[in-house]
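Take a look at the structure set out below.
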Amino acid sequence: MSFTSLGVSQSLLHILETQNYTNPYPIQKEAIPAILNKRDVLGIAKTGSGKTASYVIPILMNLQEKSVKKNRHVQVLVLVPTRELAVQVNDVFKLFGEAIFQTIPQQIKSLAVFGGASINPQMMALQNVNVLIATPGRLLELVEVNAVHLSEIETLVLDEADKMLNAGFEKEMNRVFDLLPPKRQNLLFSATLNDDINTIHQILLHDPIVIKIESFEEDLDLINQSAYFIAAEKKGPLLRYLIKSKKMTQVLVFTSSVVRAERVADKLRKNGIEAKAIHRKRTQGVRTDLLNDFKEGKLQVLVSTDLLSRGIDIEFLPYVINYELPRSPKIFIHRIGRTGRAERPGEAITLISPDEENHFRVIEKKIKKRVVRIPADDLDLRKY
Ligand code: AMP
């Protein structure tokens, strides 16, 4: 099945080609025609499945059909749990939106707004916006100061709805729903289907098309995993040895705390490896810049806390290293899921000190995978 047979417009086919989207992913096969037909959709799929394009493409095509309104009334609202996802989704809208601009007289303008950044530039930018991607709290602040009106929303998207609920956004989400017109299209995406998601689904969605895409466990087959067993104090030299001997040019390293992330990045820099740390104590501006530099290949090593373990898509990331184990198997899956995405194999390496061995066995059991073990205590790491 091709994008053409799904009804994707000519103006978009070219940009799909330049992005190497040769064939639609499973979620796109089902979601694109359903959304074009103005149906509600419940998509159970995680980041990496191609879910963003599955709603961005048909939403832009639907917008393209009508005369686009101006002023502070937006037509499409995408609610997301984090600033990072807001920026990422906006990038996809901009990429495909620009391709459509060339064929219609008026622009389709999208904008990402989120907390933790100053509100004034966002207020100013909210002129003539068609598609607004927002975290719930900041959206309500903007509504309060009349910077945006939601009464003409035609399509509502909840992306990573499960994460939004986990982050405690339920009250804000309900307040947003109350501001929307009753007649609209609703699209709900979530990595998991639990009772809370079921409740929202029943309130929001009308006779939805339900799309369920494979579980995490199946996805793990795309990732080559290995685990190095080593004394805790040798983890630093081992990390440097791995980066150098495997000639890693783009690697995301996970640590368990802000302090440790800083320390690991610092040590790497002192040893001539270009590395920066990203965590919640960095300002939003710095986080965005770091992530962009890393995505564009300008930064070799990004050392992160679990801030980045979910929801961020880095295209073709070849390596993820767990410098320390996360608390839960779920976070472990999210971390290593940063690689081996979009049907490309990636490598996930975990460093295990003796006091982490039991916990690692629990993780292996939960993810139903026996990871290749490499005893590393005998490696000569003196040069590193
Ligand atoms: P998402 O699940 O939306 O975060 O998308 C995961 C990754 O897959 C992104 O890097 C997309 O650019 C890529 N992608 C999405 N759809 C396709 C497709 N049909 N063919 C190739 N790559 C795709």
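Of the conditions (1) open to solvent by less than 10 Å² (accessible area, probe 1.4 Å); (2) of a type outside the set (Phe, Trp, Tyr); (3) at pLDDT 90 or above; (4) away from the ligand (no atom under 16 Å from the Cβ), PRO58 satisfies every one except a single condition; which number is it? Of (1) open to solvent by less than 10 Å² (accessible area, probe 1.4 Å); (2) of a type outside the set (Phe, Trp, Tyr); (3) at pLDDT 90 or above; (4) away from the ligand (no atom under 16 Å from the Cβ), only one is false for PRO58: (4).
Would you please name the residue that is least open to solvent (accessible area, probe 1.4 Å), looking only at residues in the range 126-170 that are among the hydroxyl-bearing types (Ser, Thr, Tyr) and over 11 Å from PRO81 (Cα atoms)? Looking at the filtered set, the residue picked out is THR155.
I want to confirm something. Restricting to the range 268-280 and keeping residues that are modelled with pLDDT of 90 or more and surrounded by fewer than 17 Cβ atoms within 10 Å (Cβ to Cβ), which single residue is nearest to VAL113 (Cα to Cα)? The selected residue is GLU274. Per the conditions (1) surrounded by fewer than 22 Cβ atoms within 10 Å (Cβ to Cβ); (2) free of Cβ contacts under 8 Å to residues at least 40 places away in the same chain; (3) more than 16 Å from the chain's Cα centre (by Cα), the sole criterion not satisfied by ASN292 is (3). Here VAL92 qualifies as under 19 Å from the mean Cα position of the chain (by Cα) and either surrounded by fewer than 21 Cβ atoms within 10 Å (Cβ to Cβ) or away from the ligand (no atom under 16 Å from the Cβ) (or both).
One line per residue, one yes/no per condition, for (1) touching a Leu at 6+ places or on another chain (Cβ under 9 Å); (2) closer than 23 Å to LEU187 by Cα:
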{"residue": "ASN120", "(1), (2)": "no, no"}
{"residue": "GLY137", "(1), (2)": "no, yes"}
{"residue": "ASN146", "(1), (2)": "no, no"}
{"residue": "SER151", "(1), (2)": "yes, yes"}
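Looking across the range 364-384, the residues that are under 18 Å from PRO237 (Cα atoms) and part of a loop (DSSP other than H, G, I, E, B) come down to ALA376, ASP377, ASP378, LEU379, ASP380, LEU381, ARG382, LYS383, TYR384. What about VAL80, is it in contact (Cβ under 8 Å) with a residue 12 or more places away in the chain, over 21 Å from the mean Cα position of the chain (by Cα) and open to solvent by less than 20 Å² (accessible area, probe 1.4 Å)? No, not satisfied. The number of residues in the range 7-26 being within 10 Å of the ligand (Cβ to nearest atom) and either under 20 Å from the mean Cα position of the chain (by Cα) or acidic (Asp, Glu) (or both) comes to 7.
The values are calculated or read from the model by the stated rules, or taken from the named source; none is laboratory data. These figures come from a predicted structure and were not determined experimentally. Note: ideal-geometry Cβ built from the backbone for every residue, glycine included; neighbour counts use all protein chains shown. With ligands, DNA and RNA removed, areas are computed over all heavy atoms of the protein, side chains included. Shrake-Rupley method; radii C 1.70, N 1.55, O 1.52, S 1.80 Å.
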